[in-house]
1. For the stretch A:73-80, state whether one or more residues are closer than 13 Å to A:CYS49 by Cα, under 10 Å from the mean Cα position of the chain (by Cα) and in contact (Cβ under 8 Å) with a residue 24 or more places away in the chain.
2. Test of understanding: among A:ILE100, A:ILE90, which residue is within 23 Å of B:ASP122 (Cβ to Cβ), touching a Phe, Trp or Tyr at 6+ places or on another chain (Cβ under 8 Å) and buried (at least 20 other Cβ atoms within 10 Å of the Cβ)?
3. Out of (1) touching a residue at least 12 places away in the same chain (Cβ under 8 Å); (2) surrounded by 15 or more Cβ atoms within 10 Å (Cβ to Cβ); (3) more than 24 Å from B:SER99 (Cβ to Cβ), what's the single condition that is false for A:ARG137?
4. For the stretch B:180-192, indicate whether the set of residues that are at positive phi, part of a loop (DSSP other than H, G, I, E, B) and without any contact (Cβ under 8 Å) to a residue 60 or more places away in the chain is non-empty.
5. Got a number for residues in the stretch B:148-165 being of a type outside the set (A, V, I, L, M) and buried (at least 16 other Cβ atoms within 10 Å of the Cβ)?
6. Applying the selection to the stretch B:51-73, what residues are crowded, with 20+ Cβ neighbours inside 10 Å and aliphatic (A, V, I, L, M)?
7. Which condition does A:GLU168 not pass, out of (1) out of contact with any helix residue (DSSP H, G or I) (no Cβ under 6 Å at 6 or more places or on another chain); (2) more than 10 Å from every other protein chain (Cβ to nearest Cβ); (3) crowded, with 16+ Cβ neighbours inside 10 Å, if it passes all the others?
8. Please find, within the stretch B:112-157, the residue that is nearest to B:LEU27 (Cα to Cα) out of those that are of a type in the set (A, V, I, L, M), out of contact with any Phe, Trp or Tyr (no Cβ under 9 Å at 6 or more places or on another chain) and more than 12 Å from chain A (Cβ to nearest Cβ).
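Just so it is clear, none of the values below were taken in a lab; they were calculated from the coordinates. The model shown is predicted, which means the values in this text are computed figures rather than measured ones. Quick reminder, even Gly has a Cβ in these numbers, built from the backbone with ideal geometry, and neighbours come from all protein chains shown.
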There are 2 protein chains.
Amino acid sequence: MEGDLHMSIANYFPIWDKLDKEEQDRLERASVKRTVDKGTLIHHAASDCIGLLLVESGQLRAYMASDEGKEITLYRLFEQDICLFSASCIMRSIQFDISIEAEKETTFWIISPNVYHEIMEDSATLANYTSQIMATRFSEVMWLVEQVMWKSMDKRLADFLIEESNLEDSTSLKITHEKIAHHMGTAREVITRMLKYFQREGMVSLTRGTIEILDFNKLYNL
Amino acid sequence: MEGDLHMSIANYFPIWDKLDKEEQDRLERASVKRTVDKGTLIHHAASDCIGLLLVESGQLRAYMASDEGKEITLYRLFEQDICLFSASCIMRSIQFDISIEAEKETTFWIISPNVYHEIMEDSATLANYTSQIMATRFSEVMWLVEQVMWKSMDKRLADFLIEESNLEDSTSLKITHEKIAHHMGTAREVITRMLKYFQREGMVSLTRGTIEILDFNKLYNL
């Protein structure tokens, strides 16, 4: 059992062997495992600081929401990924709010933010690794900025459908136009209009609550 | 002279006293001062890794450019600010390109990225401080994402004109529509159209190469 726990937490930290025994023990003792259902809001913007999440299985979505209830997906977290911003209290310069929800049933470890912060204060190894995690998420957000700024909506929607199809391992996507709009930070009407255009072009077929991808090549070529 | 140098570099690091003497000495020896003219491109996306910039005076602009030559301003750096992304080689997870140009004549220190990286590897203090700098920039970019996603162009342009007027300490802005478009990541035509609307509403007066702000309150209220 102990061995199991050790294995699990250690797996997320390529730098584990550079931490000393005491630091390893403290991190292990500060970790608990949880499983949540699909749709669970795990971390809500401006709410408390629950801790670092280490995803064992499932899929999380990190998104930003506007005051008026609009949303945009910033990035997704999969098996082996670490979510830092659910523990934003460990770094006071993080002045923004991200929400995290489970897109599938998800099992993850939570590491107490206080313990993590204390170890990070003294360990250059853990501090530098934490920077790397942040830089990775920063890179994903910068990629998103590029997409939003320079890429037309049809190309972004084609990308989204292809990615979604890969994640679900299916050409038949059970997703509402509203939900797609929330991923992409736009209005439902914009998505509906674009999907109808895709349908006329023979790329997808729309039925109640389902989008069937008919022509992957054509979507790719967009 | 030595004392001067020490003062200058130390000023940028609130954690200076927590570094040991050797680390302080190495950082000092790895720093050189430079002054560049207004308009100088200091760091170009995907080019070499020049080092950390510590701004002593002047004003820098960090921006992202598209393949087609479009631009958007990500944030600005003023006196006392540290620029990390001109030393992106110190962190291999930084997978995006930012360009840095001087908007005014600017004097700054450059710290060699290799030396900085070596010290950061062993010093939790410097590693954590570097994380804080990154988190600050990340917060600024997230603010920008919010603006771009949820805020209409007229409000963003009003904000930009007010900010610009504060920075220049003048109600008369010598800036082309093209340049404003580059700051805001849009096309020149969009800016020209919006400025003409602002002019009709009595908020600004447009003359060749100059935008005169007439009604600050009305701009604020936008």
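1. no
2. Unique residue meeting the criteria: A:ILE90.
3. Against the list (1) touching a residue at least 12 places away in the same chain (Cβ under 8 Å); (2) surrounded by 15 or more Cβ atoms within 10 Å (Cβ to Cβ); (3) more than 24 Å from B:SER99 (Cβ to Cβ), A:ARG137 comes up short only on (3).
4. Our first condition is that a residue be at positive phi; within the stretch B:180-192, this holds for B:185.
So of that shortlist, the ones also part of a loop (DSSP other than H, G, I, E, B) come out as B:185.
Subsequent filtering for residues that are without any contact (Cβ under 8 Å) to a residue 60 or more places away in the chain retains none.
No, every residue in the stretch B:180-192 fails to be at positive phi, part of a loop (DSSP other than H, G, I, E, B) and without any contact (Cβ under 8 Å) to a residue 60 or more places away in the chain.
5. First, the residues of the stretch B:148-165 that are of a type outside the set (A, V, I, L, M): B:150-152, B:154-156, B:159-160, B:163-165.
Applying the additional criterion that residues be buried (at least 16 other Cβ atoms within 10 Å of the Cβ) yields B:150, B:156, B:159-160, B:164-165.
Number of matching residues: 6.
6. Result: B:LEU52, B:LEU53, B:LEU54, B:VAL55, B:LEU60, B:ALA62, B:MET64, B:ILE72.
7. With respect to (1) out of contact with any helix residue (DSSP H, G or I) (no Cβ under 6 Å at 6 or more places or on another chain); (2) more than 10 Å from every other protein chain (Cβ to nearest Cβ); (3) crowded, with 16+ Cβ neighbours inside 10 Å, A:GLU168 is out only on (3).
8. Top of the filtered list is B:VAL115.
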